[in-house]
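Participant: Could you have a look at this structure, given as C-alpha cells, before my questions?
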Amino acid sequence: MNPAASTGSTGAAYAAQYPTPLPEPRTAGTAAPADTAATAAPGTAAPDRARLRALDGLRLLAALMVALYHFGGRNGDVSKAWGASPRELFPDAAPWFAYGPLGVQFFFVISGFVICMSAWGRPLRSFLASRIARLYPAYWVALVLVTAVFALPWVAYEAVSPTDFLANLTMLQQPVGAERVLGVCWTLWAELRFYVLFAVFVILPGGGRQRTLVFCAVWAVAAVIADGAENELLQLALMPEYAPFFIGGIGLYLVHRDRRDAAGWGIAVLGWLMGQHYAVAGLWHAPNPKFFSYRETWVIIALVTLAFLLIALVAVGLFRWMDWRWLTVAGALTYPFYLVHEHLGWVVIHTLHRKLDVPPAAAFAATVGLMLVLAWLIHRLVERPLTPKLRRALDRQID
C-alpha cells in the first residue's frame, strides 16, 4: 500500500504505529507502551530494564507530524471542515505540513525497536495477551466515538453502515473490504501483520539474538523478492514498503543491547537504505500545479534519516538524560490521540472556525489541544483500568 494513496481521503499516513501502537509499560499506573529496556554499557548485554522516556517523546512527535498533515497538509475532507484549502489558510506552513505522512514511518521504526524489546525473553502467550490488551480497548472506544459523532444530524460527515462498523471491531476491516471508521487504521493492519510475523518466526521458535537476526535478514530479502515479483499475496504478507522500517527498528534494539553489535548496526543501516527508497517512491511525485503540494526528495530522505538517527541515539544511551516524567504522559497519550484526532478533529475545526469564527491558526492549535485532552480521558478512563485486567485475563486463557 502506498502511504500517499492511503492518506489521500480517509487515512493517516502512517499509522502508525500507530504510530505506532506499542507495548504496555512495565511501570505501574500507566497504560503507555512499554518503552522499557536496559541501557547497556558498550559491548555488554543489558542486565536490567529502565524506562526509555525519550521514546515516549518521539512517539508523540510522530503522532503530531501526522496530525499536522491531517489538519493542514492536504485537501479533501479537511478542506470541507475549514471551508477552504489549507494551502490558502496556511500558505507558508502547508507545504511543510505535507511531509507529515512520514510520521508513520517514524512510528514503524519505533515499533520495531519496542516490540523486539517487549518480547525479549517473554513467552508467546504473554506477547499475544499484551498486544491484544494494548491495542483494542482504546481502539473500540475510538470507533464508538467517531461513529456516534458522525451520526449526529448536524455533523456533515456520514457514519459507516452497521455491518461495516461491526467488521471494524475486529481490526481486520481492510482485508475483508469493509469501509473504515478510522482513516488511520490502515497502519494498525500493518502493525498486526508485523506482530504475526515476529511471533511466528522469532518468539515461537524461542527468540534470542540469532533468530532475530535471521528473521530480519530473511524478511528483508523475501520482501524485496515479493516486490520485484509483483505477487500480491506475498506483498500483502511481507509488506515490502514498510518492512525496512520495522527491520531497522529491530536492528537498533539489538544495538541497544550491545553497542558493539555489528550485525545489529548492519540491520539498522539496511532498514534505513531501503526505507528511504520506499518513502520516496510512495510520497514523491513530479511537480504538478494541480496537486496540493510537492514533496522534495531530499526532504523525504532527510526526515527518514532523522527518524533512524534519533532512535539510534536512544539506542546508544545518548538521550538517557531525558528522564522527565511528563514524557511518560506524552507516550501514554500517543495511541488514543492517534486514533481519534483525524475525524473528530474535522468536526472541531468546523465548529471553531466555521461556526464560531475562530481564526485559522488558533482553531488549529485548539483542535490539537482538545484532541490531546480527549486522548488523556481515554487513557485515564479506559486504558489504565482495562488494559491490565484484559492482559491478565487473556494470559490465563491463552495459557
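What follows draws every value from the coordinates through simple rules; no lab data is involved. Quantities reported herein were computed from a predicted structural model and do not represent experimental measurements. Reconstructed Cβ throughout: ideal geometry from the backbone, glycine too, with neighbour counts over all protein chains shown.
Participant: Counting other Cβ atoms within 10 Å, which chymotrypsin sites (Phe, Trp or Tyr not before Pro) in the range 289-334 have at most 16 and lie in a DSSP loop?
Facilitator: Filter output for the range 289-334: 291, 294, 321, 324.
Participant: Taking R0 as 30 Å, what's the FRET efficiency between residue 262 and residue 231 from their Cβ-Cβ distance, rounded to 0.05?
Facilitator: On the way: r = 33 Å, r/R0 = 1.09.
That gives a FRET efficiency of 0.35.
Participant: Within a 10 angstrom radius of the beta carbon, how do 53, 354 rank from fewest other beta carbons to most?
Facilitator: On the way: 53 22, 354 16.
Fewest-to-most Cβ neighbours within 10 Å comes out as 354, 53.
Participant: Let me make sure I get this right: for the chain, a, b and c are the square roots of the gyration tensor eigenvalues over alpha carbons, sorted descending. Under 1.5 in a/c it's rounded, otherwise prolate if a/b > b/c, else oblate. Which is it? Show your work: numbers first, answer last.
Facilitator: On the way: a/c = 1.56, a/b = 1.35, b/c = 1.15.
Because a/c hits 1.5 or more and a/b exceeds b/c, the chain counts as prolate.
Participant: Arrange 117, 371, 322 by Cβ neighbour counts within 10 Å, fewest through most, would you? Could you put the intermediate results ahead of the total?
Facilitator: Details: 117 27, 371 24, 322 16.
Listed from fewest to most nearby Cβ atoms, that is 322, 371, 117.
Participant: Once you order the gyration tensor axes a ≥ b ≥ c over the Cα atoms, which shape class does the range 52-186 get: rounded for a/c under 1.5, otherwise prolate or oblate by comparing a/b with b/c? Walk me through the numbers on the way to the answer.
Facilitator: On the way: a/c = 2.72, a/b = 1.26, b/c = 2.16.
Oblate, since a/c reaches 1.5 and b/c is not below a/b.
Participant: Also: Spin-label point model (7 Å from Cα, Cβ direction): what's the residue 294 to residue 357 distance in nm?
Facilitator: For the pair residue 294/residue 357, the computed spacing is 3.8 nm.
Participant: Continuing with the same structure: Can you give me the distance in nm between label points at residue 209 and residue 393, each placed 7 Å from the Cα along the Cα-to-Cβ direction?
Facilitator: 4.1
Participant: Between residue 166 and residue 316, 0.36 nm times their residue separation minus their Cα-Cα distance comes to what?
Facilitator: Numbers: separation 150, 0.36 × 150 = 54.00 nm, distance 4.41 nm.
Stretched fully, the residue 166-residue 316 segment lengthens by 49.6 nm.
Participant: Can you list the lysines whose alpha carbon sits under 19 Å from that of residue 355, skipping same-chain ones fewer than 8 residues off?
Facilitator: 80
Participant: Taking the beta-carbon count within 10 Å as an exposure proxy, list 351, 212 from fewest neighbours to most.
Facilitator: On the way: 351 16, 212 24.
In order of increasing Cβ crowding within 10 Å: 351, 212.
Participant: If we count every other residue with Cβ under 14 angstrom of residue 157's Cβ, Lys/Arg +1 and Asp/Glu -1, where does the sum land?
Facilitator: Working: positive: 80, 180, 354; negative: 77, 158, 179, 342.
For residues surrounding residue 157, the net value is -1.
Participant: I've got another one for you. Would you compute, from DSSP H runs of 4+ residues alone, the mean residue ellipticity of the chain at 222 nm, taking -39500 (n - 2.57) per run and dividing by the full residue count, rounded to the nearest 500?
Facilitator: Numbers: 18 runs with 251 residues, N = 399.
-20500 deg cm²/dmol, from helical runs alone.
Participant: While we're on this one: Between residue 218 and residue 286, what is the label-to-label distance in nm when each label sits 7 Å out along the Cα-to-Cβ direction?
Facilitator: Spacing of the two 7 Å Cα→Cβ label points: 4.2 nm.
Participant: Starting from the Cα of residue 80, move 7 Å in the Cα-to-Cβ direction to define the label point; list residues of the range 179-210 whose amide nitrogen is under 15 Å from there.
Facilitator: 180-183, by backbone N distance to the label point.
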